[in-house]
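A.B. asks: Just dropping this structure here.
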Amino acid sequence: MKQRVSELMDSELDERTAAQIMTAIEADASLKQAWNDYHLIGDAMRANANTGLDIRETVSLRLAAEPTVLAPRRWFRSTRTQVVGAAALAASVSFAAVVAWQQMTPRQSAVAVAVNAPSAQSAMLQQVSANSDAYFLAHQEMTANQGLVKVAYSQGAAH
Amino acid sequence: MSDRDIDQQLVARAQKGEKRAFDLLVAKYQRRLARLLSRFLRDSADIEDVTQEAFVKAYRSLPAFRGESAFYTWLYRIGINTAKNFLSASSRRPVVHADFEDEDGESFDLASQVPDLNTPESELMNKQIIATVNAAVESLPEDLRTAISLREMDGLSYDEIAKVMDCPIGTVRSRIFRAREAIATELRPLLDTAKNKRW
C-alpha cells in the first residue's frame, strides 16, 4: 500500500485508484506518515531550506476548532473527464442541431402548404359541398346523423 | 492523474467535510509555502506562524475555491496576503522585494533571495535533515539512486524514467518506492528526536 502512496504523490495512478488511496491515507496513520516523509524527502533532495518545518499537528488542531466547510461540488473534474465532458457536450449540440434541422425542414414545408392552402382548400370545400348537398338531400332519410345532414344541408343552403 | 488533479481531489474531499484530506495538503505544501514566505519574513517563528495562519485561512476559504487556478497558486496567494497583513500589523518591512514566478508562470511580488535567517536550532535541523537525506541517497544501490534522482531532481515521469533506465515501468515504480522507504528509514530517528521541537 505504501508503494501506492509513493505512486500517488508522483501522479502515477488513475483517478479511481488515486481516490481509493487517498481514502486509505486519511484512515491510516502509517500511510499518512509515509505521505509526509516522502514529500519531506523530495523537498530535502531539492534542498528546501525549510525541511525542518512541521506544522501538521498545529494546523490540524486549529482546523479541529474550525467549523467543517461544506461546499457544493461544482467544478472538480479531472482533465480526462473534462475532455470527455466537452466531447459529449459537442456531440449533444451536434445531435440537437441535426434533429432541429430535420424537424424544421418538413415543418417549413407544412407551413408553406398551410399558408398557401386557404384558397385551394376553400375551392375544394365548395366543390365537395356542392356535390355532397345533392347527395345528402337525396339520402337524408337513410342518414343516422341528422346533425351532419343539417350541417351539410346548411352549407349547401348557403350557396 | 496529474498533480493538479490530485490536489483538486483532495480539495474536493475537504470541501465535503473531510478535514483529513486537507491535512494531506498541509503535509504536501507546508515546506514549499514556508520557503515562499521566507522571502518575505525575517524570523523563522514568524514564518511558521504565518504558514499556519495561511493554511487555516485557506481552509476557511475552501467554499470559495472553484479550481480556476491550481491549488498551490491559490494557497500561495493566501500566504502572501497573510504575510503582508502580518507585516502591516506588526509595522515591519518585508525582507527583499522582487518578482517571483510560480510553477504555472504566475508572478508574485516577492523577495528575490532566500535569506539565511533561521534560528540556529532550526538551521541545524534543516542541515541535519538535508545531510541525512543526501547520505541516504548516496548509500542507495545505483539503480534506486538513479530512479529517485530522476524523479525528484529532474521531475521525470515513470514512463520517461523507464525509457532512460531501459527497464519496465513496474520496475521504476518499485525502485522509487524502495528508495523512498530506505531514505525514510534513515530519516525517521532524526524526525522522532526532533518531534515536539518547534523546528
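A.B. asks: In the set B:Ala179, B:Ala147, which member is in contact (Cβ under 8 Å) with a residue 24 or more places away in the chain and farther than 17 Å from A:Asn36 by Cβ?
C.D. replies: Only one candidate passes the filter, namely B:Ala147.
A.B. asks: Given the conditions (1) surrounded by fewer than 22 Cβ atoms within 10 Å (Cβ to Cβ); (2) facing chain A (nearest Cβ under 7 Å), report the number of the one that B:Glu48 does not fulfil.
C.D. replies: With respect to (1) surrounded by fewer than 22 Cβ atoms within 10 Å (Cβ to Cβ); (2) facing chain A (nearest Cβ under 7 Å), B:Glu48 is out only on (1).
A.B. asks: Right, next: Restricting attention to segment B:136-152, which residues are loosely packed, with under 13 Cβ neighbours inside 10 Å and either among the charged types (D, E, K, R) or modelled with pLDDT under 90 (or both)?
C.D. replies: B:Glu138, B:Glu142, listed by residue number.
A.B. asks: Any idea which residue in segment B:51-78 is farthest from the chain's Cα centre (by Cα), counting only those that are polar (S, T, N, Q) and either buried (at least 20 other Cβ atoms within 10 Å of the Cβ) or within 12 Å of chain A (Cβ to nearest Cβ) (or both)?
C.D. replies: Result: B:Ser61.
A.B. asks: Given the conditions (1) modelled with pLDDT under 75; (2) assigned to a helix (DSSP H, G or I); (3) within 30 Å of B:Glu186 (Cα to Cα), report the number of the one that A:Ile21 does not fulfil.
C.D. replies: Only one criterion is unmet by A:Ile21, namely (1).
A.B. asks: Does segment B:21-45 hold any residues that are of a type in the set (D, E, K, R) and either more than 9 Å from every other protein chain (Cβ to nearest Cβ) or free of Cβ contacts under 8 Å to residues at least 24 places away in the same chain (or both), and which are they?
C.D. replies: Within segment B:21-45, B:Asp23, B:Lys28, B:Arg31, B:Arg39, B:Arg42, B:Asp43 meet the criteria.
A.B. asks: I'd like to know if segment B:89-101 contains one or more residues that are under 24 Å from A:Ala65 (Cβ atoms) and modelled with pLDDT of 85 or more.
C.D. replies: no
A.B. asks: Also, I was wondering about something else. Restricting to segment B:153-164, give me the number of residues that are in a helix (DSSP H, G or I) and surrounded by fewer than 17 Cβ atoms within 10 Å (Cβ to Cβ).
C.D. replies: The number of residues fulfilling the criteria is 4.
Yes or no, residue by residue, for (1) part of a helix (DSSP H, G or I); (2) facing chain B (nearest Cβ under 7 Å); (3) under 19 Å from B:Val26 (Cα atoms); (4) at pLDDT 90 or above:
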{"position": "A:Glu7", "(1), (2), (3), (4)": "yes, yes, yes, yes"}
{"position": "A:Gln33", "(1), (2), (3), (4)": "yes, no, yes, yes"}
{"position": "A:Ile41", "(1), (2), (3), (4)": "yes, yes, yes, yes"}
{"position": "A:Gly52", "(1), (2), (3), (4)": "no, yes, yes, no"}
{"position": "A:Leu61", "(1), (2), (3), (4)": "yes, no, yes, yes"}
{"position": "A:Arg77", "(1), (2), (3), (4)": "no, no, no, no"}
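The values are calculated or read from the model by the stated rules, or taken from the named source; none is laboratory data. Note that the structure is a prediction, hence the values are computed from the model and not measured. Counting neighbours? That spans all protein chains shown, and the Cβs are built from the backbone with ideal geometry, glycine included.
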